[in-house]
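J.: One structure, as structure tokens, below. Some questions next.
The values are calculated or read from the model by the stated rules, or taken from the named source; none is laboratory data. Quick caveat: nothing in here was measured; it's all calculated off a predicted structure. Methodologically, a virtual Cβ is constructed for each residue, glycine included, from the backbone with ideal geometry; neighbour enumeration extends over all protein chains shown. These area figures cover heavy atoms from the full protein model, side chains too; ligands, DNA and RNA do not enter into them. Shrake-Rupley method; radii C 1.70, N 1.55, O 1.52, S 1.80 Å.
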Amino acid sequence: MVVKVYGPDYANPKRVIVCLIEKEIEFETVFVDGFKGEHKKPEYLKLQPFGLLPVVQDDDYTLYESRAILRYYAEKYKNQGTDLLGKTIEERGLVEQWLEVEAHNYYPPIYNLVMNILVSPLLGHPSDQKVIEESEEKLGKVLDVYEERLSKTKYLAGDFFSLADLSHLPFTHYLMNQMKKEHMVRERKHVSAWWDDISNRPSWKKVLQLYKYPI
């Protein structure tokens, strides 16, 4: 059975789709309109009880949480497509470390920026300028750590592209395009070079070509 990915137009599902493309896994997508609340309907909640995107269905196996999905497919198909986990246990440890950094340090402030700069105005809600300023400051500090790391290695986990890099693609795209805060990347030479590298991968270009951002 072909893997089904729910909600391809949104950021976190894009994280999954680019992984599937890198791993050369056949998939299809199921449109879910988050702005119409389709992710909160009973039939969807049977798949994802928290009403979040994405969910994947792989035959009779259902999985949610995008980073868990990344790990699952990178491991299940580790001998197929791009090696996204590293070749040694030490490399795998660094992939996991930076994937956790993305989840717990990078994602929260950039998510807050997206919600306040892009989503709130679209929904007719006021943006919280204090949250925007605080989140930008937090994100800048994280990017300073990245700049130091990337001055020593081409990618976050070493000199190979991995899940740690891939996981940054969807929300950093917001930063560089819709939010017009590309200076946060461009003023850091090594982060800028890293972004140019990972955002020009054929897999990511294909995702952007096939699935549009809703905002």
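J.: Mind jotting down the distance between the C-alpha centroids of segment 150-215 and segment 1-46, whole Å?
T.: What the calculation gives is 21 Å, centre to centre.
J.: Something else now. When mean projected area of the Cα convex hull in nm² is calculated directly from the model, which label among (i) 11.7; (ii) 18.9; (iii) 13.9 fits?
T.: Among (i) 11.7; (ii) 18.9; (iii) 13.9, the one derived from this structure is (i).
J.: Using the Karplus equation 6.51 cos²θ - 1.76 cosθ + 1.60 (θ = phi - 60°), what ³J(HN,Hα) coupling, rounded to whole Hz, does each residue of segment 118-129 give in order, writing x for Gly and Pro?
T.: 9, 6, 4, x, 5, 8, x, 9, x, 7, 9, 5
J.: Can I ask one more? When the helices in the chain are scored as -39500 (n - 2.57) per DSSP H run of 4 or longer and the sum is shared across all residues, what 222 nm value do you end up with, to the nearest 500 deg cm²/dmol?
T.: The helix-only estimate for the chain comes to -14500 deg cm²/dmol at 222 nm.
J.: Work out, step by step, the length gained on full extension between Gln80 and Phe35: first 0.36 nm times the residue separation, then minus their alpha carbon distance; give nm to one decimal.
T.: The span from Gln80 to Phe35 would gain 12.6 nm if fully extended.
J.: Further question on the same structure: Evaluate the distance, in nm, between pseudo-label points positioned 7 Å from the Cα of Lys154 and of His190 along their respective Cα→Cβ axes.
T.: Here the modelled spin labels are 1.5 nm apart.
J.: In addition: Let me have the relative contact order for segment 89-201, percent, based on Cα pairs under 8 Å that are six or more residues apart.
T.: So the answer I get is 31 percent.
J.: Counting heavy atoms of the protein chains only and a 1.4 Å probe, report the per residue accessible area for the chain as a whole number of Å².
T.: For the chain, the solvent-accessible area averages 49 Å² per residue.
J.: Give the Cα extents of segment 137-215 along the principal axes, in whole Å, largest first.
T.: Computed over segment 137-215, the largest-to-smallest principal extents equal 34, 29, 16 Å.
J.: Still on this structure, please answer the following. Can you compute 3J(HN,Hα) from phi for each residue in segment 193-206, using the Karplus curve 6.51 cos²θ - 1.76 cosθ + 1.60 with θ = phi - 60°, rounded to whole Hz and x for Gly and Pro?
T.: With the stated coefficients, segment 193-206 comes to 5, 4, 5, 4, 5, 6, 7, 9, 5, x, 4, 6, 4, 5 Hz.
J.: Express the carbon and sulfur contribution to the solvent-accessible surface of the chain as a percent, rounded to the nearest whole number, probe 1.4 angstrom.
T.: C and S atoms contribute 52 percent here.
J.: Considering amide H positions built from the backbone, and no H for Pro or chain starts, which residues 5 or more places from Thr29, or on another chain, come under 5 Å of its amide H?
T.: Val5
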